[in-house]
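Working notes, structure below.
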Amino acid sequence: MSYTSVVCIKQVPDTAKVTGKAMKEDGTINRAALPAIFNPEDTNALEAALSVKERFGGKVIAITMGLPAAQAILREALYRGVDEVYLVTDRKAAGSDTLATSYILSKAVERFSPDLVFCGRQAIDGDTAQTGPQIAEKLGMPAVTYLESIDFKDGRALVQRDIGTGVETDLVELPALFTVTEKFGELRPADVRLVMKYKNYEPNTLSCDDIACDASRCGFAGSPTSVNKIESVVLAGKGFKSIEPKIDAIEALVKELRDEHTIG
Amino acid sequence: MSNFYRDNPEIKKTIEALDLTEVASLLEDGFTSESDIAPRSAEEALDNYFRALDIAGDITGNRIAPTAEETDRVGNILNEDGTVTYTPGIALAMKLFAQAGLLGIQIPHRFGGLNMPCTVMSAVNDMVSRADASLMNMVGLQGIADTINMFADEDIKKEYVPKLVSGEYSGAMVLTEPDAGSDLQSVKTIGYQDENGNWYVNGVKRFITNGCGEVLLVLARTEPDSSDGRGLSCLLVQNGPQVKVRRLEHKLGINGSPTCELVFDNAPAKLIGQRKRGLITYVMALMNGARVGIAAQGTGIGEAAYRAAREYAASRKQFGVTIDNFPAIRELLVDMAVDVQASRALAYYCSKCVDMENGLTQKFEKVKGTPEAPSVRERMKKYAAFNKMITPMAKYFGSEMSMRVSSAAVSVLGGSGYMKDYPVERYYRDARITTIYEGTSQLQVVAAIAGVMGQMTADVIEDILGAGWSDHHPRMKALLADLDETIQFVKTKDKQYHDLSARRLVDAAVTLIITALLVKIDVKPKLEHWLHTRFPQAHAGLLIVRGGHDDAVAKFEEIAPMPVEE
């Protein structure tokens, strides 16, 4: 049994290299001052797709939505053994929030009728972790977050996901979407032979019309999110509370933490 | 963590100065290949070379270097069933190199290789050795694929080369025996044919790097009546039930490289190339390739040691200041930096000469009988002659340099350098093998001296700097004249004195060739330091030779008598 996988990847500013020049006066990102990189967890998603192809056969398609400069990460994907790449680029897509982005990407993904869709858990520029699950929702697929490993059993995916306190094992109907973190494993190195083959490759581009998007759901028009303000919040401990080491006192503390939504 | 190509601009600078344009054109047969990955111009080929180095720099710096300490500590494991389990770091590294296509750097495109020059291979070995010297012995074993590709029959090539490139198989060069080390002519392992013409191998081999690999190129005696190198052939044995790893050696360094003792019990084999040419042609070619690899290995160990020492000296405070303020420490560090650059220059230039010889040999086969043939043949012979001298020189200089520099690094770190908390003691231990295997330093001198006595040094300098160089470089001109005069003096003496003088003559010639390269690469402050410190030493060595002092030979028993037990 072989599988067709689509991997959604994103080019992001390297937030680890933020300097004072990172933001323009109007509050938008100064892309010239920040190197653009392959979103880290998308590299893990790509490795997940490539490992499935390596073990079971099939093909891997990488899609990104962005400016033409995002071709760079599509070529990086080709260097690792991806079969096809597509750049969704369109002025109508400008200003998309996660709702509009997941709509556009879902329309692109749909074209390839994949068995498996892989996304990074979240992108380091927005850190929302929303786009992957929203694509799954729109395609009517199960969304499996925090993927750690994947295998197959009786036509279903047998996966392990990181639930923070341990590992959960699930059997998932296909097609399904998976979001991946670094726990899946590091992306393989570029293959020099593929670099030689694809270094000048121009990826196929898709416009919103090509993938039959409703313009009112794309870009600014399709994005209800607006950023009110950004502030730097520094969390600091303020005092402490001591309680008697007795059941009643502990129960009271747990109730208080729960009521204040500190836990639960 | 760091990309070992990007953080070391000397690698690119050295390769650019050597100009691989013609090498690329020869390798790609004038850019006529039909392969969809083959470059279409020299410019594109060079771009590919640098991209390959960038990927190798990423793997070595970011993925492998962090594993080197553990690899050194845990070593490989010989299992009860005779199989060997690699250290996690070595296993990971080999997987990454296979994925990157870097296990077939010099293999043609048709077998999945990169068809890149030896110079690229050496730069990769340089970075690999900086990350983990022991890994170079594994990555460098792609020489097995090169040897099969160069000399074996087409069906053997097709069966083995692609699998060695993909990493499905790994190989080993199986030469050394308990009684045949430096003297390989005395190999005793037997290769014989049954009545159907099938080959088998019987015997014991030791000190075999990666002897647990799948593809073993075995040097064996196939002519029972012979006793010298002309009776030896090269046989390919695929590892199986008739081959047993009897033990793994416990070594001073390069612990990631499994060093095996192998027993062959009527193991089925295939003949590589022609009978009787095993040692004199195939193994010599394989070993020359391995020597170039060690020149790069020494360079990489030196690079790692220099960097560790430089960083430590900038942070370690004594007497109220960081120790890199003290002239004695500064001199150690400057000597190290220049030594590493010198070694890199010679190793890469040597690799380029190998590339020129290989490329021109291939071209000569194609232009035979045309008006172009005589000039191609002449240049092919020139580089072949260069290689006989420069390969041992590069191996000799690179390996001795790695000992000097790693020892100096321990000195800079002082007590801390002697402890396992810092990597320099590992560099020091790893460096120690480089002057021994694939021919000791003493044997490299023996191999290089004929070219030096034949006054080839001037031809090499001219190859690097062009005719008329001596008008611009009076100090080099003077040292060359001193060398020539000393050569004439030695020619009047006996064989013993020739052998005794060889090292100092080779040292002077190496000093001159490296100087030409440092001029070419344009590393001015380093060149100046080299001239001021190494030239007086070279002249002094020649002065000693012309002094005619031969006590080391003539009064050996008087000065160094056998200790007598009371």
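Every number here is computed from the coordinates shown, using simple stated rules; none is lab data. On a predicted model such as this, the values are computed, not experimentally measured, just so you know. Cβ placement follows ideal geometry from the backbone for every residue including glycine, while neighbour counts extend to all protein chains displayed.
Over the stretch B:454-551, what is the mean sequence separation of C-alpha contacts under 8 Å (at least six apart), divided by residue count, expressed as relative contact order in percent? Spell out each step's value before the answer.
Numbers: 69 pairs, mean separation 35.2, N = 98.
For the stretch B:454-551, the relative contact order is 36 percent.
What average count of beta carbons from other chains do you get within 10 Å of the Cβ of residues in A:182-190? List each step's numbers first, then the result.
Working: counts 0, 0, 0, 0, 4, 0, 6, 14, 9.
Average neighbour count from other chains, rounded to a whole number: 4.
What residue among B:Ser166, B:Leu531, A:Met196 has its Cα farthest toward the positive end of the dipole of the protein assembly as shown, where the charges are +1 on Lys, Arg and -1 on Asp, Glu, each on the Cβ?
Selected residue: B:Leu531.
Rg and Dmax of the stretch A:3-222 over Cα atoms: what are they, in angstrom?
Taking only Cα atoms of the stretch A:3-222, I get Rg and Dmax of 16.9, 56 Å.
Along the Cα→Cβ direction, 7 angstrom out, place labels at B:Leu252 and B:Asp183. What is the inter-label distance in nm?
So the label points at B:Leu252 and B:Asp183 sit 2.3 nm apart.
So how do A:His261, B:His529 line up by other beta-carbon neighbours within 10 Å, fewest first?
The order, fewest Cβ neighbours first, is A:His261, B:His529.
Using a simple charge model, +1 on the beta-carbon of Lys and Arg, -1 on the beta-carbon of Asp and Glu, nothing else, what dipole does the stretch B:274-314 show about its Cα centre, in debye to the nearest 20? Display every interim value, and only then the final one.
Numbers: 6 positive and 2 negative charges, 84 e Å.
Here the stretch B:274-314 has a charge dipole of around 400 debye.
Please identify which residues in the stretch B:181-213 have an amide N closer than 19 Å to a label point set 7 Å out from the Cα of B:Ile77, following the Cα→Cβ vector.
Those under the cut-off are B:210-213.
For A:Cys213, what charge total do you get from the other residues with a beta carbon under 12 Å from its beta carbon, if Lys and Arg give +1 and Asp and Glu give -1? Display every interim value, and only then the final one.
Working: positive: A:Lys92, A:Lys107, A:Arg111, A:Lys138, A:Arg217; negative: A:Asp90, A:Glu110, A:Asp209, A:Asp210, A:Asp214.
Charge balance in the 12 Å sphere: 0.
Label A:Phe56 and A:Lys255 with points 7 Å out from Cα along Cα→Cβ: what is the distance between them in nm?
5.1
Could you point to the residue in A:Gly140, A:Ala49, A:Phe152 farthest towards the positive end of the stretch A:3-222's charge dipole, with +1 and -1 charges on the Cβ of Lys/Arg and Asp/Glu respectively?
Most positive-ward Cα: A:Ala49.
Please name whichever of B:Met389, B:Gly140, B:Phe264 sits farthest to the positive end of the charge dipole of chain B, dipole taken about the Cα centre and charges placed at Cβ: Lys and Arg +1, Asp and Glu -1.
Comparing the listed Cα positions along the dipole, B:Met389 ranks first.
Taking amide H positions as placed 1.01 Å from N in the peptide plane, with prolines and chain starts having none, which residues 5 or more places from A:Thr205, or on another chain, fall under 5 Å of its amide H?
A:Leu87
HN-Hα J couplings of the stretch B:34-48 from phi, Karplus 6.51/-1.76/1.60, θ = phi - 60°, integer Hz, Gly and Pro as x?
My calculation for the stretch B:34-48 gives 8, 4, 6, 10, 6, x, 9, 7, 4, 4, 5, 4, 5, 4, 4 Hz in order.
Once you've got the Cα coordinates, tell me which of B:Lys13/B:Lys251; B:Lys395/B:Lys491; B:Lys477/B:Lys526 are over 31 Å apart. Each step should come with its number before you reach the end.
Values: B:Lys13/B:Lys251 36 Å; B:Lys395/B:Lys491 26 Å; B:Lys477/B:Lys526 19 Å.
Flagged as over cut-off: B:Lys13/B:Lys251.
To the nearest 0.05, how large is the calculated FRET efficiency for A:Asp170 and B:Val564 if R₀ is 56 Å and r is the Cβ-Cβ distance? Intermediate values should be presented prior to the final figure.
Details: r = 80 Å, r/R0 = 1.43.
The computed FRET efficiency comes out at 0.10.
Report, to two decimal places, the Cα Rg of chain B normalised by 2.2 N^0.38 Å (N = number of residues).
Relative to the 2.2 N^0.38 Å estimate, chain B comes out at 0.97.
Just to be sure I understand the model, the point goes 7 Å from the Cα along the line to the Cβ. What's the resulting A:Ser232 to A:Arg91 distance in nm?
Inter-label distance under the simple model: 3.8 nm.
If we count other beta carbons within 10 Å of each Cβ, what is the order of B:Lys366, B:Lys157, B:Lys317, fewest first?
Final ranking by Cβ density, sparse to dense: B:Lys317, B:Lys366, B:Lys157.
Taking the stretch B:25-120, which chymotrypsin sites (Phe, Trp or Tyr not before Pro) meet the DSSP loop condition and have no more than 16 other C-beta atoms within 10 Å? Let's see the in-between values first.
Values: sites: B:Phe31, B:Tyr49, B:Phe50, B:Tyr86, B:Phe97, B:Phe111; in loops: B:Phe31, B:Tyr86.
Those that pass, being in a loop and sparsely packed, are B:Phe31.
Where does each of B:214-220, B:410-416 land if you order them by average Cβ count within 10 Å, highest first? Spell out each step's value before the answer.
Values: B:214-220: 24.7, B:410-416: 16.7.
The most tightly packed comes first, giving B:214-220, B:410-416.
Across the residues of A:194-200, average count of Cβ atoms on other protein chains within 10 Å?
Working: counts 3, 10, 16, 4, 1, 5, 1.
What the average comes to for A:194-200 is 6.
So if the hydrodynamic radius of the protein assembly as shown is defined as the Kirkwood radius over C-alpha pairs, what does Stokes-Einstein give as its diffusion coefficient at 20 °C and 1.002 mPa s, in µm² per second?
Working: Rh = 30.3 Å.
Once the numbers are plugged in, D ends up at 71 µm²/s.
Go through the stretch B:396-489 and name the trypsin sites (Lys or Arg not before Pro) that are in a DSSP coil and have 10 or fewer other Cβ atoms within 10 Å of their Cβ. Display every interim value, and only then the final one.
On the way: sites: B:Arg404, B:Lys420, B:Arg426, B:Arg429, B:Arg432, B:Arg475, B:Lys477; in loops: B:Lys420.
Passing sites in the stretch B:396-489 are B:Lys420.
Return the loop-located chymotrypsin sites (Phe, Trp or Tyr not before Pro) in the stretch A:162-262 (DSSP other than H, G, I, E, B) with at most 14 other Cβ atoms within 10 Å of their own Cβ; answer none if there are none. Show your work: numbers first, answer last.
Values: sites: A:Phe178, A:Phe184, A:Tyr198, A:Tyr201, A:Phe220, A:Phe240; in loops: A:Tyr201, A:Phe240.
Counting only loop positions with at most 14 other Cβ atoms within 10 Å, the chymotrypsin sites (Phe, Trp or Tyr not before Pro) in the stretch A:162-262 are A:Tyr201, A:Phe240.
Given the -39500 (n - 2.57) contribution per DSSP H run of 4+ residues, what per-residue ellipticity at 222 nm results for chain B, rounded to the nearest 500 deg cm²/dmol?
Here the helix-only value at 222 nm equals -18500 deg cm²/dmol.
For the stretch B:434-489, take N as its residue count and report Rg(C-alpha) divided by 2.2 N^0.38 Å. If you can, show how the numbers build up before the last one.
On the way: Rg = 13.8 Å, N = 56, 2.2 N^0.38 = 10.2 Å.
Computed over Cα atoms of the stretch B:434-489, the ratio equals 1.36.
Using the beta-carbon distance between B:Thr361 and A:Asn200 and R0 = 41 Å, what value does 1/(1 + (r/R0)^6) give for FRET efficiency, to the nearest 0.05?
Values: r = 32 Å, r/R0 = 0.78.
About 0.80, to the nearest 0.05.
Where does the charge balance sit around B:Pro88 when Lys and Arg score +1, Asp and Glu -1, over other residues with C-beta under 15 Å from its C-beta?
Numbers: positive: B:Arg63, B:Arg73, B:Lys95; negative: A:Glu186, B:Glu69, B:Glu70, B:Asp72, B:Asp132.
Cβ neighbours under 15 Å give a net charge of -2.
Where does the charge balance sit around A:Lys183 when Lys and Arg score +1, Asp and Glu -1, over other residues with C-beta under 9 Å from its C-beta? Mind showing how you got there, number by number?
Details: positive: none; negative: A:Glu148, A:Asp162, A:Glu182.
For residues surrounding A:Lys183, the net value is -3.
Please return the longest stretch of chain A lacking exposed loop sites, where GluC sites (Glu not before Pro) count only if DSSP places them in a loop and at most 11 other Cβ atoms lie within 10 Å.
Working: sites that count: A:Glu25, A:Glu173, A:Glu231, A:Glu260.
Within chain A, the longest run free of exposed GluC sites (Glu not before Pro) spans A:26-172.
How high is the relative contact order of chain B, in percent, with contacts defined as C-alpha pairs under 8 Å that are six or more residues apart?
12
Using the number of other C-beta atoms within 10 angstrom as an exposure proxy, rank B:Val23, B:Val165, B:Val334, B:Val376 with the fewest first. Show your work: numbers first, answer last.
On the way: B:Val23 28, B:Val165 25, B:Val334 14, B:Val376 21.
In order of increasing Cβ crowding within 10 Å: B:Val334, B:Val376, B:Val165, B:Val23.
Stretch B:Glu331-B:Ser226 to full length: gain in nm at 0.36 nm per residue minus the Cα-Cα span?
Working: separation 105, 0.36 × 105 = 37.80 nm, distance 5.47 nm.
Fully extending the segment from B:Glu331 to B:Ser226 adds 32.3 nm.
Once R0 is set to 51 Å, what does the formula 1/(1 + (r/R0)^6) return for the Cβ-Cβ distance between B:Asn198 and A:Asn30, expressed as a FRET efficiency to the nearest 0.05? Write down the numbers at each step before the final one.
Details: r = 72 Å, r/R0 = 1.41.
About 0.10, to the nearest 0.05.
In whole Hz, with x marking every Gly and Pro, tabulate ³J(HN,Hα) for the stretch B:134-150 from phi via Karplus 6.51 cos²θ - 1.76 cosθ + 1.60, θ = phi - 60°.
Values, residue by residue: 5, 5, 4, 5, 7, 4, x, 5, 5, x, 5, 5, 4, 5, 4, 4, 7 Hz.
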